[in-house]
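Accompanying notes for the structure given below.
Read-outs: derived from the displayed coordinates by stated rules, not from any lab. Being a predicted model, the structure only gives us computed values, none of them experimental. Note that each Cβ is placed from the backbone with ideal geometry, even for glycine, and that neighbours are counted across all protein chains shown.
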Amino acid sequence: MRWKPYGSVVDIELLYMADCPNRTIARARVQIALDRTQLAAVVRERQVHSGEEAVRLGMRGSPTILFDGNDPFAGGADPAALSCRLYRGDPGFSGAPTVEQLVEALGG
């Protein structure tokens, strides 16, 4: 699924909690995926401070990566949470989606 076909800008928001050990690797992988897909994007990082804010923003653990407000890695029953997040398929268990998962989510 391509989030913004026809070359328009993708809005990417990386939601994280303070001292998230996976924030840096998630951000780096987002950039690599954007470079591979050659999509234009605005990438913002946003620290989430409370469980209520996590619910309001749709954060399902830290880090959560939203493409145009959607979490392509969320299962239907995944609750919003102010906690660490694990992503399936990451052999290093870094708590971030792989570059390949991000490229696929971006439609590449």
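In table form, for the structure just shown:
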{"read-out": "Cα-based helix-to-principal-axis angle, 23-37 vs the chain, degrees rounded to 10", "value": "20"}
{"read-out": "Å³ per residue enclosed by the Cα convex hull of region 9-52", "value": "65"}
{"read-out": "Relative exposure of 87, 16, judged by other C-beta atoms within 10 Å (fewest first)", "value": "87, 16"}
{"read-out": "DSSP beta bridge pairing in the chain, given as percent antiparallel to the nearest 5", "value": "35"}
{"read-out": "The chain: most fluctuating residue of 85, 56, 29 per GNM, C-alpha cutoff 10 Å", "value": "56"}
{"read-out": "Choice from 42, 30, 55 with maximal GNM fluctuation in the chain (Cα, 10 Å cutoff)", "value": "42"}
{"read-out": "Whole-number percent relative contact order across the chain, with pairs defined as alpha carbons under 8 Å at least 6 apart", "value": "37"}
{"read-out": "Kirkwood estimate for the chain, i.e. one over the average of 1/r between Cα atoms, Å", "value": "13.8"}
{"read-out": "For peptides 71-78, 21-28, sequence by mean Cβ density within 10 Å, most packed first", "value": "21-28, 71-78"}
